[in-house]
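The values are calculated or read from the model by the stated rules, or taken from the named source; none is laboratory data. As the structure is a prediction and not an experimental result, all values here were calculated from the model. With ideal geometry, Cβ positions are generated from the backbone for all residues, glycine too; neighbour counts draw on all protein chains shown. Note: accessible area is taken over every heavy atom of the protein model, side chains too, but ligands, DNA and RNA are not part of it. Shrake-Rupley method; radii C 1.70, N 1.55, O 1.52, S 1.80 Å.
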Amino acid sequence: MSEALATPSPELFDKVVNLCKRRGFVFPSAEIYGGFRSTYDYGPVGVLLLRNVKDAWWRSMVQLRRDIVGLDAAILSPPAVWEASGHLKNFTDPLVDCKVCRERFRLDKLDDPEVCPNCHSTHSFTEARHFNLMFKTYAGPVEGAGAEVYLRPETAQGMFTNFKNVLETSRKRPPFGIAQIGKSFRNEITPGNFVFRTREFEQMEMEYFVPPAEGPRWYEYWCEARMQWYLDLGMPAQLLRLRAHDEDELSHYSAGTSDVEFLFPWGWDELEGIANRTDYDLTQHASHSGENLAYFDQATGERYVPHVIEPAAGATRTAMAFLMAAYDEEEVAREGQGQGDVRTVLRLHPRIAPYKVAVLPLSKKPELSAPATEVLEALQPHFMCDYDETQAIGRRYRRQDELGTPFCVTVDFDTLQDRAVTVRDRDSMAQDRVAIDELLDHLRDRLGL
Ligand code: GAP
């Protein structure tokens, strides 16, 4: 990644958005109907990138641990859940309308609360009112009171409402966690910055239940562990920071919150929040549902309501940050020609890269299709592969660079004689000749997955 990215780079935003459309990462939703405000669809490579981000999170939070189990809770939920969690009352943003142009804004996000950023009128705003961000809909054939349900605005509550079920079935005891990845919905007043703030997005959240006295220690632990996750996946340290919330920023239930922030093109902004939520959630659900959600520790004879440490990340937002951190342009000699050329390359960590390997027969000639198909079929069970046989090889390399594919495997006419292929490295563009029989081990070693 280039050094220049250590300061916010406004041009980077347009470059990444443009690349996303051009190469099939992200498309505006319902584009053939003119688009649907601030919603996006993930295209053939975007879906792989997003899946890799979620898989990397799941691997580190669930697969590699013995103290965390998974959950996939329902998105539709009854008002009682949101009454108990406090969302019906408190999950609001201050909304103002401009009386001149009729645009709506979030008061706390305005640069100048006296000036409309759309029509520049002064003192044209209505009184701020509380706008609840939850999407309400109706379950069943009759709309109206009693049929209201909500699309969850966070995945977290499913973990609290299932605390007892998981405790009873998983044989875990505090400290232990429940992890979940899934869609959440918020009727944001001002969505924007591409997929950074959208009304439909994916979260990766984990609720870690601990004995009350251990809350502060686990909070520190998770702040450090979550920062390390981004670094291990190749996020440059100078683009990441951990920012502790000031006292006046803390939610009423929080005994401490820190945000993992990324240096986006518009400045530092949140990727993930790590919060010490104390016993607030379990106490609220216990009192609203009538269920006893205390834990009885048979070893010590103690009964307590566990405290919760919550690392809550956005998958869609994080995928975008990985793209921005990986984006690079460098001047290179045109491969095979020596003229100056600028190549765009996504220097993604192999675990995050949509394709790990691209198999490229040098030409479409049928005699190369057979060995190229053999190579592809040998690699596909192990790695996500692309296969591309159109255009000049140099242009195909550039395309794979823009997709972030760590290795291209070229099948050429020599392959027919020596049963070897050329392996081209995305970052250095160095090429090595490797025997087909050794190719899988060779790539496995170099990908290091
Ligand atoms: N359970 C706690 C919770 O939901 P949050 O800070 O509101 O906390 C966690 O959300 C993460 O979800 C954020 O750090 C962000 O990455 C992501 N997120 C929240 N709102 C979002 C939105 N409108 N669009 C995209 N991602 C969002």
The range 14-128 - percent of accessible surface contributed by carbon and sulfur, probe 1.4 Å
51
Distance between the C-alpha centers of the range 389-449 and the range 7-40? Whole Å please.
30
Let me have the 222 nm mean residue ellipticity of the chain computed from DSSP H runs of 4+ only, each contributing -39500 (n - 2.57), with the sum over all residues rounded to the nearest 500.
-9000 deg cm²/dmol
Using 0.36 nm per residue, how much length does the chain from Arg59 to Thr92 gain when fully extended, once their Cα-Cα distance is taken away?
8.5 nm
Within the chain, longest stretch clear of exposed chymotrypsin sites (Phe, Trp or Tyr not before Pro) (DSSP loop, no more than 14 other Cβ within 10 Å)
37-265
Taking the Cα atoms of the chain, report the difference between the largest and smallest coordinate on each principal axis, in whole Å and largest first.
75, 66, 49
Using a basic spin-label model with each label point 7 Å from the Cα along Cα→Cβ, how many nm lie between Ser369 and His382?
2.6
Charged-residue dipole, Cβ positions (Lys, Arg, Asp, Glu), the chain about Cα centre, Debye nearest 20
820
Using Cα-Cα distances under 8 Å and only pairs 6 or more residues apart, what relative contact order does the chain have, in percent?
14
Heavy-atom accessible area of Asp246, protein chains in place, probe 1.4 angstrom, given in Å² to nearest 10, is 90
Per residue, how much accessible surface does the range 81-141 expose to a 1.4 Å probe? Answer in Å², no decimals.
64
On the full set of protein chains, 1.4 Å probe, figure out the accessible area of Cys385 and give it in Å² to the nearest 10.
20
In Å², and per residue, what accessible area does the range 331-449 have when probed at 1.4 Å with the other protein chains present?
46
Percent of Cα-Cα pairs more than 21 Å apart in the range 1-124, please.
72
Share of the range 132-176's accessible area from carbon and sulfur, percent, 1.4 Å?
48
Reported to the nearest 10 Å², His130 has, with a 1.4 Å probe, an accessible area equal to 150
With just the Cα atoms defining each centre, how far is the range 302-380 from the range 130-209? Give it in Å.
30
Percent of Cα-Cα distances greater than 16 Å, calculated over the range 270-360
75
If we count every other residue with Cβ under 15 angstrom of Glu367's Cβ, Lys/Arg +1 and Asp/Glu -1, where does the sum land?
-2
With labels modelled as points extended 7 Å from the Cα through the Cβ direction, what inter-label distance (nm, one decimal) is found for Gln228 paired with Glu103?
4.6
As a test of reading the structure, rank Lys99, Lys21 by solvent-accessible area (1.4 Å probe, protein chains only), most first.
Lys99, Lys21
Amide proton proximity set for Ser184, modelled H, under 5 Å, gap of 5+
Phe201, Glu202, Gln203
Is the shape of the range 323-443 best called rounded, prolate or oblate, per the rule: a/c under 1.5 gives rounded, else a/b larger than b/c gives prolate, else oblate, with a ≥ b ≥ c the square roots of the Cα gyration tensor eigenvalues?
oblate
Given the chain, what count of lysine pairs have C-alpha atoms under 24 Å apart, with each pair 8 or more places apart or on different chains?
15
Ignoring ligands, DNA and RNA, what accessible area per residue does the range 237-317 give at 1.4 Å, in Å²?
44
Around Tyr327 (Cβ within 10 Å, Cβ-to-Cβ, excluding Tyr327; K/R +1, D/E -1) the net charge comes to -1
Share of the range 236-380's accessible area from carbon and sulfur, percent, 1.4 Å?
46
Have a look at the range 194-339 and give its Rg and Dmax from the Cα atoms, expressed in angstrom.
20.3, 76
For the range 118-276, alpha-carbon Rg and Dmax in angstrom
19.2, 61
Using the beta-carbon distance between Val332 and Ile75 and R0 = 56 Å, what value does 1/(1 + (r/R0)^6) give for FRET efficiency, to the nearest 0.05?
0.75
Candidates per GluC sites (Glu not before Pro) in the range 117-148, loop by DSSP, up to 14 other Cβ within 10 Å
Glu127, Glu143
